[in-house]
Every structure is written in structure tokens, then in C-alpha cells.
1. Return yes when residue 177 is closer than 20 Å to residue 52 by Cβ and β-branched (Val, Ile, Thr) and no when it is not.
2. Which of the residues belonging to segment 105-162 are within 20 Å of residue 93 (Cα to Cα), surrounded by fewer than 18 Cβ atoms within 10 Å (Cβ to Cβ) and of a type in the set (Val, Ile, Thr)?
3. Can you pull out the residues in segment 74-103 that are outside any helix (DSSP H, G or I), of a type in the set (D, E, K, R) and under 21 Å from residue 42 (Cα atoms)?
4. On the given criteria, is residue 122 over 18 Å from residue 70 (Cβ atoms) and either touching a residue at least 24 places away in the same chain (Cβ under 8 Å) or assigned to a helix (DSSP H, G or I) (or both)?
5. Taking the residues in segment 67-92 that are among the acidic types (Asp, Glu) and farther than 15 Å from residue 138 by Cα as candidates, determine which candidate is surrounded by the most Cβ atoms within 10 Å (Cβ to Cβ).
Amino acid sequence: MSGILELDSLTQRINQMNMERKLVVITGASSGFGREMAKLFAEAGHPLLLLARRLEKMEALELPHTVCRKVDVTDRVGFEAAVLEAEAEFGPTDLLVNNAGVMMLGDIASQNPQEWKLMMDVNVLGVLNGMQIVMPGMKERKTGTIINVASIAGLQPFANHGAYCASKYGVVGLSQVARAELAAHNVRVLHICPGAVETELLGHTTDSNIIKGYNEWKESVGATNITALDVARTIQFAYELPQSVSLREIVIADTQQDA
């Protein structure tokens, strides 16, 4: 009998811990880093708001305590409505991961300017939208974390990455400014800069020769072992550190990638 009571007590404590887990909002959650983060944070007991343009991909994960919404991060109104809906159910956002991004590689002299605009809209304005939506509440509560997914291309140049580099340099700069604005309010702003990782991101590029060259480069430097799950675990680790500890900038790449 005592064993049953102890089991019931343990179950109650676990349920209570899960109730105390705070809301995590992840953009670009239908694939790659976002998909892996969603699974990790769900396993840790967090309620989730998952945002992406492919609703069916997120719903197929069948994660508990999760709201999935088809949202384009450039649509600030739709973005905010989804956040408010999830917060009404699960409480305030404690972590926002601005992960949604587009990578359309091309030569500056010949690339379609519409591709530049799309990258700037999603990679930069989408991040601004997300930060502005959650920042006031985090400042008021004196706690919270924003993690912006930048890129190693936001720290150094790469051929055929002109507009993409510009957008990811922008994410790094935005993160640094937001960090300065929020530090006094005990709100963390981190940015993570992954190197080459196997995701769907390269598929956005419309020039087949550039895709071929990128894959050949990746093979030549041996950057084929690191996974989206590795990046997701790193983001989870950074978040789960005490609120007083901020890993401001994380650069993560395959050990064999030398550039």
C-alpha cells in the first residue's frame, strides 16, 4: 500500500513540475532546428507555441500541451495574435526562439532582388516582430529569454552569401542592441551562429549550380556530421542555465569545418 502511495505522490510531483514549466515559443518549427527544439522542450515538459507556414508538419509531431499555428513571421498581427492565444492558455512567454529563416544564395551582381527582400523580411523583420511582441511583458516580469538564430554567415563573409550574410549580420546586431536594452530588466538575449548543418535551408536557393558548389564545399571541409539535434540541444542548454547566466553568443559548427 505504501508503495502505491509513494507512486501517487511521485506522479503528483511530476505533474506539478510540468505545470510550472513555462511557455516556449518557437518560430520556423516545421523542420530543422525548430522541429528538434520542439521535441526537446516538449520532452522537458514545457507548453509550446509552434509557428511556421506548414501547419501539418507541426501537427504531425503530436506534442502535448502544444498550440500550432500557421503564421508567417513577417505578419506582425498574426504573429502577435498567436502569442496572445498561447499565453491565454499557458501563461506568459518565458522563451522566444526566433528561428524562422530563409537562405537564398546568389551572386550579388545577378541575384533577383526579390530574393534579397524576402531574406530581409523574414530573417530581420521577422526577428524584430518577435522581439517586440514579447519584450514588454518580459520587462514587466523582470525575467525571460530571447534566443535569435543567426549564422556563422553573420560573423564572416562567404561567397554567394551577400544578402544572406547581410541579413544574419543584422540578426547579430539586433541581438546585441536588444541585450543592452533588456539587461537592466533581467531579460536575456542570446544569439546562436550555426555553421553548415544538414537542414532544408539550402533548398530555398534557386540556383542549382550554387547548391552543387555548396554541397561540394561542405563535403570538402568534412562538415557533414553535426545535426539539427546538436544545435537544438545547445539552445536548450543555454536556456536552462540560471537566469543570471547569459551565453550571449554561441558559435557552433562541425569540428571539421575550418571556415
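The values are calculated or read from the model by the stated rules, or taken from the named source; none is laboratory data. Keep in mind that what you see is a predicted model, and the values were worked out from it rather than measured. A quick note on method: Cβ atoms are made from the backbone with ideal geometry, for glycine too, and the neighbour counts reach across all protein chains shown.
1. On the way: closer than 20 Å to residue 52 by Cβ: no; β-branched (Val, Ile, Thr): yes.
Here the answer is no, as residue 177 does not meet what is asked.
2. Within segment 105-162, 143 is the sole residue that qualifies.
3. So in segment 74-103, the residues outside any helix (DSSP H, G or I) come out as 74-75, 91-103.
With of a type in the set (D, E, K, R) added as a condition, the list becomes 75, 94.
Listed by number, the list holds a single entry, 94.
4. no
5. If we take residues in segment 67-92 being among the acidic types (Asp, Glu) and farther than 15 Å from residue 138 by Cα, then 72 is surrounded by the most Cβ atoms within 10 Å (Cβ to Cβ).
Yes/no matrix, rows are residues, columns are (1) modelled with pLDDT of 95 or more; (2) among the hydroxyl-bearing types (Ser, Thr, Tyr); (3) buried (at least 19 other Cβ atoms within 10 Å of the Cβ):
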| residue | (1), (2), (3) |
| --- | --- |
| 190 | yes, no, yes |
| 193 | yes, no, yes |
| 206 | no, yes, no |
| 209 | no, no, no |
| 230 | yes, no, no |
| 236 | yes, no, yes |
